[in-house]
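Derivation of every value follows stated rules applied to the coordinates shown; laboratory data play no part. Just so it is clear, the model here is predicted, and its values are computed rather than measured. Cβ sites come from the backbone with ideal geometry, for glycine too, and all protein chains shown count toward neighbours.
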Amino acid sequence: MKKTLLISLLAVSALFLFSHQSAGGNSRPPLSGRHEFTAGTGIVPGRYAFTYNHEMPFEYNSLHGAYMKSRYYEREYVSGVWSLGYAYNFTRVFSLQAHLFYEAGWIERFSRETDMMAARSLDSYLTAMASFRVNWFNRSSVRMYSYAGVGLSLNHNYNDPIGDPGQGPRFNSLKAAYQLTPFGILVGRRFFGFAEIGIGHYFCGLALGAGYRF
Amino acid sequence: MESHVKYILAAALLPFVWSCEIYNDRDELQEPAYMVVQPVYGAYVYEMFKAAELSYFFQQYQEIREDREAAVSFATEYFGMERNWDYCLFYEEAEISGIGRILLNDDGSFTVDPSITFYRFFPSVGTFTVTSEAPGRFIISSDAADGLPAGSVVSSVLCDDGYVTLEDFSLSLDIGEFRLDVVSVDGEPVKKLVAPDSIESYQAVSGSLSFIYKEYDGFEDEFELGFGEDCVTVSRGSSSVKCKPLDRYEKKYDYVIG
């Protein structure tokens, strides 16, 4: 996760540099981009913050369960949250956004004796979200804004029983998703970078990304 | 030139999308026997030490019970603190809060009702029956008649020199899904220091117990639990695993199992 953050910061800083280079002379007319496309990531991912649905394969409340558990070790992964967004600016102040983002957490369990995989558990979310944005500070290369959104997540979930990797039942379900971002800042002209602070199923904490508008 | 760099940066981000490992317990110590020994020690071995301490006190107290002043001063010295002896020390009964209640029976034996702490997975003893063989020597037992429905526990006990030794400790339980047999390992005496003040630490300091744990669906585990200064050791054959001490409090007194 630290590497992801570092690379994201480097990418965003690099794009700031590039957008300044393409700024040109003082006589440019003010930018009135109606369309924006973005790609971003969040720290920490929203569903991770609200915890994934991973079922425990062992009954922890029994001696039998304790003996079973000692025969396996587990490795837990999280993908991070990755989003693509589009915004339509009605006016300088009001915008409508659409985001598509993905996040997954998974656990792999291995036998201590043979190091072979014994079970896998996955909880993944593909979310489509619409949000309403207010751009309360708007200059040609800096904008500050807030937005709130609701969406639907397609959740794919499975928990293999121990000893049957790949054989557990799969579940797909639709879940509601929310996001509240009280503060966001966008820097750049055509190409821009952005940073946001918010809480919800998209991210809890900080979101970073870059985009292009015209 | 600009666009090339941007594409390179975008491509560099991709590998970090996958396989971000956040937890791995491959190298963590796993000793499931610890979950067996901790409640067994607390529910039976420690309780037996408590019963021995109370019995040794009460046995000596019986000699001097007529002399109230001497009796109260002996009790205060034995348990290390002033208690309201008028409310808990009588000729045929004594109640020491935090340790238990002891009664003198008509036939000269004692019944000890320990202040029970409940432990997972194993039933608590009801009471102990204590028969005294000589000064400082007892047989302490508990079974279904004493309120332990799932089996029996018995040991011969020697109290002297500030230690309590559980010789010939034997526990046998049948819980329905599994059975457990625990015996002292031959040849090693068990000793415990009788605590002059409040008993907060109860781990034995030496000796070992042999455990046989059998689940009815076929799974079995056999191991020895050894007691040492700062930890306990679980040994299976030639390999042993050091585990954290069974008691959570600062160790003040010396308990021994053999």
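Overall shape: oblate for the stretch B:47-112, with the ratio a/c of the largest to smallest alpha carbon gyration tensor axis at 1.5 or above and b/c at least equal to a/b.
For chain A, averaging the sequence separation of C-alpha pairs within contact (under 8 Å, six or more residues apart) and dividing by the residue count gives a relative contact order of 24 percent. The H on the amide N of A:Gly33, modeled in the peptide plane, is under 5 Å from the matching H of no residue at least 5 residues off or on a different chain.
Assuming charge only on the beta carbon of Lys and Arg (+1) and of Asp and Glu (-1), the dipole of the stretch B:30-257 about its Cα centre is about 580 debye to the nearest 20. As a ratio to 2.2 N^0.38 Å, the alpha-carbon radius of gyration computed for the stretch A:130-214 takes the value 1.55. With a cut-off of 11 Å between beta carbons, the residues surrounding A:Val187 carry a summed charge of +3, where Lys and Arg count +1 and Asp and Glu -1. Note on B:Ile22, B:Ile102: ascending count of other Cβ atoms within 10 Å places them as B:Ile22, B:Ile102, the fewest first. Karplus-based coupling profile of the stretch B:93-102, in residue order and whole Hz: 7, 9, 10, 10, 5, x, 10, x, 10, 10, with θ = phi - 60° in 6.51 cos²θ - 1.76 cosθ + 1.60 and x standing for Gly or Pro. Taking all Cα pairs closer than 8 Å and separated by 6 or more residues, the relative contact order of the stretch B:30-257 comes to 16 percent. Scattering from chain A was approximated by placing one identical point on each alpha carbon and applying the Debye formula without solvent; log10 I(q)/I(0) at 0.08 1/Å stands at -0.38. Its DSSP H runs of at least 4 residues, each contributing -39,500 (n - 2.57), put the calculated 222 nm mean residue ellipticity of chain A at -4500 deg cm²/dmol, to the nearest 500. When DSSP beta bridges are restricted to pairs lying wholly in the stretch B:30-257, around 95% turn out antiparallel.
Arranged from fewest to most other beta-carbon atoms within 10 Å of their beta carbon, A:Arg143, A:Arg34 become A:Arg34, A:Arg143. Based on C-alpha pairs under 8 angstrom that are at least 6 apart in sequence, the stretch A:130-214 has a relative contact order of 24 percent.
Assuming R0 = 56 Å, what is the FRET efficiency of B:Tyr91 and B:Cys20, from their Cβ-Cβ distance, to the nearest 0.05? Plugging the Cβ-Cβ distance into 1/(1 + (r/R0)^6) gives 0.20.
Only four residue types carry charge here, +1 at the Cβ of Lys and Arg and -1 at the Cβ of Asp and Glu. Report the dipole size of chain A about the Cα centre in Debye, rounded to the nearest 20. Show your work: numbers first, answer last.
Working: 20 positive and 13 negative charges, 238 e Å.
Its charge dipole is roughly 1140 debye.
In order along the stretch B:58-65, phi translates into HN-Hα couplings of 5, 5, 5, 5, 4, 5, 10, 5 Hz, rounded to whole numbers, per the Karplus curve 6.51 cos²θ - 1.76 cosθ + 1.60 with θ = phi - 60° and x for Gly and Pro.
Too long at a 30 Å Cα-Cα cut-off: which of A:Lys3/B:Lys242; A:Lys3/B:Lys244; B:Lys50/B:Lys214; A:Lys69/B:Lys50; B:Lys50/B:Lys244? Correct reply: A:Lys3/B:Lys242; A:Lys3/B:Lys244; A:Lys69/B:Lys50. Calculated FRET efficiency, B:Ile139 and A:Met56, Cβ-Cβ r, R0 60 Å, to nearest 0.05? Computed FRET efficiency for B:Ile139 and A:Met56: 0.85. Name the shape class, rounded, prolate or oblate, that the alpha-carbon gyration tensor gives for the stretch A:46-91, where a ≥ b ≥ c are the square roots of its eigenvalues, rounded holds for a/c under 1.5, and otherwise prolate holds if a/b is larger than b/c and oblate otherwise. Prolate, since a/c reaches 1.5 and a/b exceeds b/c.
In the stretch B:97-146, taking the dipole from charged Cβ atoms about the Cα centre, the farthest positive-side position among B:Ile102, B:Phe121, B:Pro135 is held by B:Phe121.
Between rounded, prolate and oblate, where does the stretch B:30-257 land on the alpha carbon gyration tensor, with a ≥ b ≥ c its root eigenvalues, rounded for a/c under 1.5, else prolate if a/b exceeds b/c?
Working: a/c = 2.14, a/b = 1.68, b/c = 1.27.
In terms of gyration-tensor shape, prolate.
Shown for A:Asp115, B:Asp146, B:Asp27, A:Asp160: other C-beta atoms within 10 Å of each C-beta, ranked fewest to most, produce the order B:Asp27, A:Asp115, B:Asp146, A:Asp160.
With respect to chain A, whose longest principal axis is taken over its alpha-carbon atoms, helix A:2-21 is tilted by about 10°.
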